[in-house]
Amino acid sequence: MKISILLPYKENFSSEYAGAVSIFINDTVLKSKYKKTTNVYGNTDFKKDLLKNYINLSLNKKKLLESSSNFYVNNFIKKRSVINSDIIEIHNRPNYVKKILKIKKSKKILYFHNNPLEMNGSKSIKQRLFLIENLDQIIFNSEWTKKQFLFNLPKVYIKVQKLTVIYQSTIKPKIDLKKKQNIITFIGKLNSAKGYDIFGEAAIKILNEFPNWNVEVVGDESREKIYFKHNRFNLNGFQNHKNVLKILKKTSISVVCSRWNEPFGRTSLESSSHGCATIISSRGGLPETTSDALILRKIDSTNLYILIKKLIIDEKLRNNLQINSIKNFYLTNKFVSKLIDDTRERLSIKYFIKKNKKLKILHITNFNERHNGRLFYNTGRRINNGLVRSNHSVLTISDRDIVSYHRSLKDFDGSKKLNSKIIDTIANYLPDLIILGHADLVSLSTLKFIKKNYPSIKITQWFLDKMNEGWKKNKRRFLDKIELMDCSFCTTSPDALSFPKKYKIFYMPNPADSSFETLKCYDNKYPVYDLFFAMSHGVHRGILKKGKFDQRSLIIKELIKKNPNIKFNLHGLGDEQPVWSDDFKLSLKKSKMALNLSQGKPTKYYSSDRIAQLIGNGILTFVDIKTKLKKFFSNDEVIFYKSMNDLSKKINFYKVNHKIRNKIAKKGQEKYLKYFNSNKIANFIIDKSMNLKKKNKYFWE
């Protein structure tokens, strides 16, 4: 992996005058598994570069009136090594992003080390939304910095996976607390924003009161002059990083009393790793730098003096803070570098989930709540049962119910409410996988938003309806979102539908569910009817539609004509209304056999979901051999017919051969519930969607 890191203009990537950003980059690059393929770009007049693979961007050819920053960035994007990068990382300069987006192939990461609301390129809401939309990752050095970035942004962005926190890091040396000296240290810019004025006042009082203690001050400030004088108040000026760490190694008390909101606070981080008893103010991200410190709640010299004095007098308290600082410190260069490498890898390779991981799944389909149980036994619930039985966390959204309840003049079809709810739900729930079932009103813009802002979430869809011949509208529905799907599933063999090969589309059997398919029709010794058949003019309509024609009614009429001695149990034809839910099961139980007949010409593997209800409830079922479902069922499990005459012959045979009929029905049910149950279908969807490899293929593969 080739990585190009761009420093802020004027950031000195040199051991002579390195700032916090340079130290952080140097420390983490050295521990990265990609250190040999990482280049750091910057501009400095200092000669002692921190890394060998540092490239200084010269400003010698800059035009007279040209901005130095613009020239700097333009120089960077012209470099061949940058153009060929897999990842470009921009540190602390959101205003560089627009230019760097000209490099199309590379993934882009922006690091914030300061308050985004005070930086050019991220001050406004519009600018921050632009960054979220166009960058692949934004990394903050503290939760506080991230919170500033999110200020006044819509709630949906709070948990966007593009926005992550990776704290700064440092070394964790071996510290001998017995060698600690009576030293109080202040490190940083010597100005009032850093609280140097109150530190100096408190320190002078301490030095006058405790003659065996000393103060070491490291830092400089050209813009603000604050002076303190005492023979044990030692001003060391700016020191390179190695010298700073040497001073902290012998320091007993470290003070970081900033007035301004520190985005993170490197001094308190390094003080903790070096076993100092640390005092911090509660400003900005400072509380995130250490779990063991005294907090200066009121930032003035009197309260600071009290805390320092407390640590001097109470040796046990001081020692406990020192011991716990070392014990609880974890932000090592190695640890943080791995977090950065992991982030890079997630962007550059496909995301794989661990086997057997319990997923968070958002299942969006029609759960038919508004139909008061009439359509309870539906495929969406079957799949949902399988997901739950596999111990996954499953949150459901019933899309058709939501749009039905929320139609208005401002939201004519209710889709605005639906899509808004989905985005809000994702922000709160953060699923690993989104499963769509016939969710037509989930908009492409919603799915694109999810893909862009939650890149690790997989999205998949299942589809039950016929998609060939006169049902090409269904095929368009299925293909409408296919570009955004990680996987798609349909109950027709994909090779029968001429789908483009670039899409991952899998055949999915209609699932049966042991809690839904509870009948054992073969045990009914006194059935009333011979042959059961049920159809409808649409599940949501529920009743027959005047003037609607269904080709299957002609087939049934011909069958009745050919078999005057057969007692038919018919629903959804003539004056007989369709039956649903438990009425369907009660009627089915009264019959010896059932005909599974779908609309249109038989298509490879296709059947309506009725097949699961028939075979799954243990009734002998007749299926057209042209469906090619014989690949999955033998003649002693399901009865296949070749023609109307063949069907009629077999109906009459099995009508009177009770033992054979019931034995086949039982074996058919056992096969269906064993291999096509909702658990297996749900796991199949998960395995394919999450790219999980299985040793054994599923029965239908």
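The values are calculated or read from the model by the stated rules, or taken from the named source; none is laboratory data. Note that the structure is predicted; figures quoted are calculated from it, not measured. A quick note on method: Cβ atoms are made from the backbone with ideal geometry, for glycine too, and the neighbour counts reach across all protein chains shown.
Observations on the model:
Let's see how each residue does on (1) within 23 Å of PHE24 (Cβ to Cβ); (2) without any contact (Cβ under 8 Å) to a residue 60 or more places away in the chain; (3) not hydrophobic (A, V, I, L, M, F, W, C):
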| position | (1), (2), (3) |
| --- | --- |
| LEU129 | no, yes, no |
| ASN141 | yes, no, yes |
| LEU153 | no, yes, no |
| TYR157 | no, no, yes |
| ASN182 | no, no, yes |
| ILE187 | yes, no, no |
| GLY195 | yes, no, yes |
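- Odd one out for GLN613 among (1) in a helix (DSSP H, G or I); (2) in contact with a Leu (Cβ under 9 Å, 6 or more places away or on another chain); (3) more than 30 Å from SER390 (Cα to Cα): (3)
- Yes/no for ARG297 being surrounded by 19 or more Cβ atoms within 10 Å (Cβ to Cβ), charged (D, E, K, R), under 25 Å from PHE210 (Cβ atoms) and more than 35 Å from the chain's Cα centre (by Cα): no
- A single entry from PHE478, PHE506, PHE489 fulfils the requirement of being modelled with pLDDT of 95 or more, of a type in the set (Phe, Trp, Tyr), within 26 Å of the chain's Cα centre (by Cα) and in a helix (DSSP H, G or I): PHE478.
- Scoring THR290 on the criteria (1) free of Cβ contacts under 8 Å to residues at least 60 places away in the same chain; (2) touching an Asp or Glu at 6+ places or on another chain (Cβ under 8 Å); (3) not acidic (Asp, Glu) leaves a single failure, condition (2).
- Which numbered condition ILE132 fails, given (1) within 24 Å of the chain's Cα centre (by Cα); (2) of a type in the set (Val, Ile, Thr); (3) part of a loop (DSSP other than H, G, I, E, B): (3)
- Cβ pairs under 7 Å, 6+ apart, first in region 578-599 and modelled with pLDDT of 95 or more, second loosely packed, with under 15 Cβ neighbours inside 10 Å and outside any helix (DSSP H, G or I): LYS590/VAL528
- Enumeration of residues in region 551-566 that are assigned to a loop (DSSP other than H, G, I, E, B) and surrounded by 14 or more Cβ atoms within 10 Å (Cβ to Cβ): ASN563, ILE566
- Close contacts from region 303-332, counting a first residue that is over 23 Å from ALA202 (Cα atoms) and a second that is among the aliphatic types (A, V, I, L, M) and crowded, with 16+ Cβ neighbours inside 10 Å, with Cβ to Cβ under 7 Å and a gap of 6+ residues or different chains, come to ILE326/ILE175; LEU331/LEU269.
- Taking first residues from region 526-553 that are without any contact (Cβ under 8 Å) to a residue 40 or more places away in the chain and partners that are small (Gly, Ala, Ser) and assigned to a loop (DSSP other than H, G, I, E, B), the Cβ contacts under 9 Å between residues at least 6 apart in sequence or on separate chains come to ILE543/SER536; LEU544/SER536; LEU544/GLY572; LEU544/GLY574; LYS545/GLY538; LYS548/GLY538; SER553/GLY572; SER553/GLY574.
- Criterion (among the basic types (Lys, Arg), in the same structural domain as LYS655 (by TED's automatic domain parsing), surrounded by fewer than 19 Cβ atoms within 10 Å (Cβ to Cβ) and in a loop (DSSP other than H, G, I, E, B)) met by exactly one of LYS501, LYS548: LYS548
- Candidate set from region 644-657 (those that are part of a helix (DSSP H, G or I) and without any contact (Cβ under 8 Å) to a residue 12 or more places away in the chain); member that is nearest to ARG552 (Cα to Cα): ASP646
- Here PHE516 clears all of (1) touching a Phe, Trp or Tyr at 6+ places or on another chain (Cβ under 7 Å); (2) in the same structural domain as LYS590 (by TED's automatic domain parsing) except the condition numbered (2).
- Residue, nearest to GLU270 (Cα to Cα), within region 23-36, restricted to residues that are modelled with pLDDT of 95 or more and among the polar types (S, T, N, Q): THR28
- Residue list for region 627-642, filter: under 20 Å from LYS557 (Cα atoms) and either in a loop (DSSP other than H, G, I, E, B) or under 40 Å from the mean Cα position of the chain (by Cα) (or both): LYS642
- Residues that are of a type outside the set (S, T, N, Q), under 30 Å from HIS392 (Cα atoms) and surrounded by fewer than 18 Cβ atoms within 10 Å (Cβ to Cβ), drawn from region 649-697: GLU670, LYS674, TYR675, ASP687, LEU692, LYS693, LYS694, LYS695, LYS697
Residues are listed down the side, and each one gets a yes or a no for (1) in contact (Cβ under 8 Å) with a residue 60 or more places away in the chain; (2) over 15 Å from TYR157 (Cα atoms); (3) in the same structural domain as ILE397 (by TED's automatic domain parsing); (4) among the aliphatic types (A, V, I, L, M):
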| residue | (1), (2), (3), (4) |
| --- | --- |
| LEU418 | no, yes, yes, yes |
| LEU433 | yes, yes, yes, yes |
| SER445 | no, yes, yes, no |
| LYS448 | no, no, yes, no |
| LYS451 | no, no, yes, no |
| TYR454 | yes, no, yes, no |
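- Filter result (surrounded by fewer than 17 Cβ atoms within 10 Å (Cβ to Cβ), assigned to a loop (DSSP other than H, G, I, E, B) and not polar (S, T, N, Q)) within region 512-536: LYS520, LYS525, TYR526, VAL528
- Under the condition of being acidic (Asp, Glu), out of contact with any Leu (no Cβ under 9 Å at 6 or more places or on another chain) and under 28 Å from ASN645 (Cα atoms), the residues counted in region 509-557 number 1.
- Those residues of region 443-463 which are in a loop (DSSP other than H, G, I, E, B) and modelled with pLDDT of 95 or more, in sequence order: SER443
- Verdict on ILE686 being closer than 26 Å to PRO511 by Cβ and of a type in the set (A, V, I, L, M): yes
- Scanning region 80-97 for residues that are of a type outside the set (A, V, I, L, M, F, W, C), free of Cβ contacts under 8 Å to residues at least 60 places away in the same chain and touching a helix residue (DSSP H, G or I) at 6+ places or on another chain (Cβ under 8 Å) turns up PRO94, ASN95.
- Residue in region 273-287 that is crowded, with 23+ Cβ neighbours inside 10 Å, at pLDDT below 95 and part of a loop (DSSP other than H, G, I, E, B) present: no
- Test: THR627 is closer than 24 Å to SER587 by Cα, touching a residue at least 12 places away in the same chain (Cβ under 8 Å) and of a type in the set (S, T, N, Q): no
- The set of residues from region 158-175 being in a strand (DSSP E or B) and buried (at least 20 other Cβ atoms within 10 Å of the Cβ) comprises LEU163, THR170.
- Residue match in region 617-626 (condition: part of a helix (DSSP H, G or I), at pLDDT below 95 and either within 22 Å of THR491 (Cβ to Cβ) or in contact with a Gly (Cβ under 9 Å, 6 or more places away or on another chain) (or both)): no
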